[in-house]
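S.K.: Take this structure, written in structure tokens, and hold onto it; I'll ask about it next.
Values in this text are rule-based calculations from the coordinates and carry no lab data. Remember, predicted model here, so these are calculated numbers, not experimental data. Quick reminder, even Gly has a Cβ in these numbers, built from the backbone with ideal geometry, and neighbours come from all protein chains shown.
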Amino acid sequence: MRQALQRVDGVLTLVEPQDGAQQTEGELSSQTLTQLRAQHEKDTEARRQDPQWNPLNLVFTSQAGTPLDGPNVTHKLQRALAEADLPRIRFHDLRHTYASLLLAKGVSMRVIMELLGHAQISLAMNTYSHVMPEAIEDAAGLMEDILTAESVTAT
């Protein structure tokens, strides 16, 4: 079951996603799962020593074992981007980049919509349509290859 981390009465709490939010079970690669398990295990010793450490059993926590707060995550992202000599982007732009890269690699908009949890394909289409011209050009090239191969086979 998916849950969202939300501030309730000043405390970060796991809550049910908003009504209407698409419930998806995204697929993760085995490498990603291995990395997530390793990250979670890093906190094992601290949890053994302090039962209050990471009581929500999260994969990523603060140094104190508490949930990560949005501004802190954004600050760490900006620091990592600066260290890598990359331009500043908003944290939400990572989601946009994820979708754009998948679309550019030929993943169908329907699959991307499901992965992102969009309720309607029109939202995904409108948001990521800037990547579509290249996909359309690629499709035209594929059709030319098909027709050329068909005409060579027919003669």
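S.K.: In the stretch 82-154, which trypsin sites (Lys or Arg not before Pro) fall in coil by DSSP and have 11 or fewer other Cβ atoms within 10 Å?
M.R.: ARG88, ARG90, LYS105
S.K.: With a sphere of radius 15 Å drawn around the Cβ of ILE121, what net charge do the other residues whose Cβ falls strictly inside it have (Lys, Arg +1; Asp, Glu -1)?
M.R.: Computed value for this residue: 0.
S.K.: Mean separation of Cα pairs under 8 Å and 6+ residues apart, divided by the residue count of the stretch 92-155: what relative contact order is that in percent?
M.R.: Computed over the stretch 92-155, the figure is 30 percent.
S.K.: Another question, if that's okay. Starting with the fewest neighbours, write out MET113, MET125 ranked by other beta-carbon atoms found within 10 Å of each beta-carbon. Write out the running numbers ahead of the final one.
M.R.: On the way: MET113 22, MET125 14.
Fewest to most other Cβ atoms nearby, the residues stand as MET125, MET113.
S.K.: Dipole size in debye (nearest 20) for the chain around its Cα centre, Lys and Arg Cβ +1, Asp and Glu Cβ -1?
M.R.: Using Cβ point charges on Lys, Arg, Asp and Glu, the chain gives about 640 debye.
S.K.: Exposed loop sites here are chymotrypsin sites (Phe, Trp or Tyr not before Pro) in DSSP loop states with at most 15 other C-beta atoms within 10 Å. What is the longest stretch of the chain lacking them?
M.R.: Longest stretch, sites excluded: 92-155.
S.K.: Counting Lys and Arg as +1 and Asp and Glu as -1, each charge on the Cβ, what is the dipole of the stretch 92-155 about the Cα centre in debye, to the nearest 20?
M.R.: It comes to approximately 340 debye.
S.K.: Related question: What helices in the chain pass both tests, a Cα length along the helix axis of 24 Å or more and a mean Kyte hydropathy of -0.5 or higher, using whole DSSP H runs?
M.R.: 132-154
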